[in-house]
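The block underneath contains the structure these notes are about, expressed in structure tokens.
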Amino acid sequence: MFRPVLTLALLSLSTALTAQEAAPPAAQPAASAPSAAETNARLNAALPADQAAMKAHVMFLASDAMRGREAGSNEYEIAAQYVAAQFYAAGLKPAGIDGSYLQPVPLLSSRPVDKGTMTLTRGSGAPVTLTFGEDYLPTPNPEQAVTTIDAPVVFAGYGIVAPQYKRDDYKGVDVRGKVVAIFSGAPGGFDGEERAHFGGNANKAAIAAKKGAAAVLILESPTSAKVRPFARLGDSWQEWRMTWADAQGRGYLPSKGTPILGTISLKGSERLFAGDRGWAGALRDAEAGKAVIKPFASGARLAVSLKTETKVVTSSNVAGMIPGSDPKLKDEVVVLTAHLDHVGVGKADKNGDTIYNGAMDNAMGIASLIEEAKRFQASGKPPRRSVMFLAVTAEEKGLIGADYFANNPTVPKDKIVANVNLDMPVITYKFEDMIAFGAARSTLGEIVARATASVGVGVGTDPMPEQGFFVRSDHYRFVQQGVPSVFLWPGMSGAGGAAFNRFLAERYHRPSDEVTNPDILWDQGVRFIAANYAIAREIADADARPAWKKGDFFGTLYGGYGAK
């Protein structure tokens, strides 16, 4: 799970005071800390069978032996085999490739070989070489080892095209065969989910590719300079970035043939657009927070030379299926997802622990997926539609495993009718509601409301709309294929907000996210599974397939069923 930029405000706590003043108590000897044996005895105390089953999965998947289940590691593949075995035990049919439960995913990592070069010219003037680390930082191109571009530059505001809002940041400029320079992020005026979508560099590059651009430059904006200054990016410019490889071994890009060349600082932009009358106005409008900034064709021409090194490892998605029973609906597939990977081994904490076990994130989601499959089988009633249980790899690397499956599904793509995603359910409190990110965008919202009510749980509102969580976990890759999708969490009512915030502050993406966390309430894990089962069951058995709400932004953008 990606780290939220902001967290919930801590809930205020009140202390009840007695009405009668009491004398100070006599001093008592300090209580001794429980011994390791006492702690282990408490943590290993007998649980009801359904809770014990869930905990058993997390004990294995989040053990030190799994070394954080980093995508592409041997330990991850052991975890994948464990999930496959559990799917088999639950009676699921193999839904990977070649009659197996596994779908191998070719993960391609890339990084710049060196600093590269960026040189600009204006008319007959002398070439000006931009300075690495001050003016620009290069971005690797996973499509090819050597990238050479020499083309005119066009500035296109934030690079947003949104016909629903009658907005086109490219209006009035021709970018065919040219380098498009775009401010990072997105302005206000959109809801949180749409703003997160428009602010993504990959989505900006995809729009530029459709416009015929040769390449893209991401410009530091006055806003991003305050939030994450260009200087901070210098520490990570040569880190490996990941995508998946196509059949030819090339890295997959949504903007095929239109690479992002790099990031340009405010200082570098001043050099790039020196002499362009439109730049001063664009910078002024950006500083003023204007939503739309006028594009212009620059008088500059930019020559870029970059080298990229790549490496490929294979990591598996795990897929099992309960075939549908209705002759008319059985070919339709409801996909339930959870990511199996975590972040591996990293920086030591204060106790010297370097293994990021990922118990809550997301061994808990995988355990929920397995136990949900068992509920379907134990019901004795096959679902009308087929239900796929899919454990995906490389979520922590950028939703890569889910993206690979969504683009290369093991069932016909047009038969996938819904996705329900389970990512990092925090079960350290008795939850009073559930949050279904994206539910209001499709008829899944009504299904979630009915299903959760049937198990005594309400539906809460998104407590962090500014975070745009709808675009930040694996379900988003199904959304991009036009599939109605929701992302489920225990809700934030009652004690939820403080408990969730405490997990983020103390355990999220830390070695302390372990099964030994004393705050875990396994009975709440069982409640979470029950609510998810009710949701999946109703989707699978409903007469009508889920549909996007008419005119919904994402449904319309990706051609989803019902949106038009």
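Every number here is computed from the coordinates shown, using simple stated rules; none is lab data. Remember, predicted model here, so these are calculated numbers, not experimental data. Because the Cβ atoms are built from the backbone with ideal geometry, glycine has one as well, and the counts that use them run over all protein chains shown.
What residues of segment 452-489 lie in the reach of a label at residue 247, counting those whose backbone N is under 18 Å from a point 7 Å from the Cα along Cα→Cβ? Those under the cut-off are none; the list is empty.
Couplings 3J(HN,Hα) of segment 325-330, computed from phi: 9, 8, x, 8, 10, 5 Hz, in residue order, whole Hz [Karplus 6.51 cos²θ - 1.76 cosθ + 1.60, θ = phi - 60°; x for Gly and Pro].
Helix-only arithmetic for the chain: the sum of -39500 (n - 2.57) across DSSP H runs with n ≥ 4, divided by the residue total, places the mean residue ellipticity at 222 nm at -8000 deg cm²/dmol. Sorted ascending by nearby beta carbons within 10 Å, beginning with the fewest, 493, 269, 386 become 493, 269, 386.
Work out the FRET efficiency for residue 543 and residue 407 from their Cβ-Cβ distance, taking R0 = 30 Å, and round it to the nearest 0.05.
Step by step, r from the Cβ atoms, then E = 0.50.
For residue 256 and residue 78, the difference between the fully extended length at 0.36 nm per residue and the C-alpha to C-alpha distance is 60.7 nm. Sorted ascending by nearby beta carbons within 10 Å, beginning with the fewest, 550, 256, 178 become 550, 256, 178. Separation of segment 100-145 and segment 400-452, taken as the distance between their Cα centroids, equals 35 angstrom. Applying the Karplus relation 6.51 cos²θ - 1.76 cosθ + 1.60 with θ = phi - 60° to segment 219-234 yields 3J(HN,Hα) values of 9, 4, 9, x, 6, 5, 5, 7, 7, 9, x, 3, 4, 6, 6, x Hz, where x marks Gly and Pro.
Comparing 172, 305, 196 along the charge dipole axis of the chain, the residue lying farthest to the positive side is 172, per the Cβ-charge model.
With 0.36 nm allotted per residue and the present C-alpha distance subtracted, the residue 129-residue 378 stretch has 82.9 nm of extension available.
Positive-end ranking of 318, 219, 292 along the dipole of the chain, with charges on Cβ about the Cα centre, is headed by 292. Summary value for the chain: 20 percent relative contact order, contacts being C-alpha pairs under 8 angstrom separated by 6+ residues. Neighbour counts of C-beta atoms inside 10 Å place 118, 242 in the sequence 242, 118, starting with the fewest. Can you classify segment 110-309 as rounded, prolate or oblate using the Cα gyration tensor, where a ≥ b ≥ c are the square roots of its eigenvalues, rounded means a/c under 1.5, and otherwise it's prolate if a/b beats b/c and oblate if not? Rounded, because the longest to shortest axis ratio a/c is under 1.5. Round to the nearest 0.05 the FRET efficiency obtained for residue 331 and residue 351 when R0 = 45 Å and r is the Cβ-Cβ distance. The pair residue 331/residue 351 has a calculated efficiency of 0.30.
On full extension, the segment bounded by residue 64 and residue 558 gains 173.7 nm, given 0.36 nm per residue less the C-alpha separation. Taking a label point 7 Å from the Cα of residue 267 along the Cα→Cβ vector, which residues of segment 106-150 have an amide N closer than 19 Å to it? Under cut-off, by backbone N: 115-120, 128-139. Among the listed pairs 178/256; 290/550; 311/397; 115/211, which are separated by more than 18 Å between their Cα atoms? In this structure, 290/550; 115/211 exceed 18 Å between Cα atoms.
In this structure the amide hydrogen of residue 387, modeled in the peptide plane, comes within under 5 Å of the amide hydrogens of 322, 324, 334, none closer than 5 places in sequence on its chain. Each of the peptides 444-457, 416-429 was scored by the mean count of other Cβ atoms within 10 Å over its residues; in descending order, highest first, they stand as 416-429, 444-457. Charged side chains reduced to their Cβ positions (Lys and Arg at +1, Asp and Glu at -1) give the chain a dipole of some 1660 debye around its Cα centre. Working value for the chain: equivalent-ellipsoid semi-axes of 43, 29, 24 Å, each the square root of 5 times a Cα gyration tensor eigenvalue, largest first.
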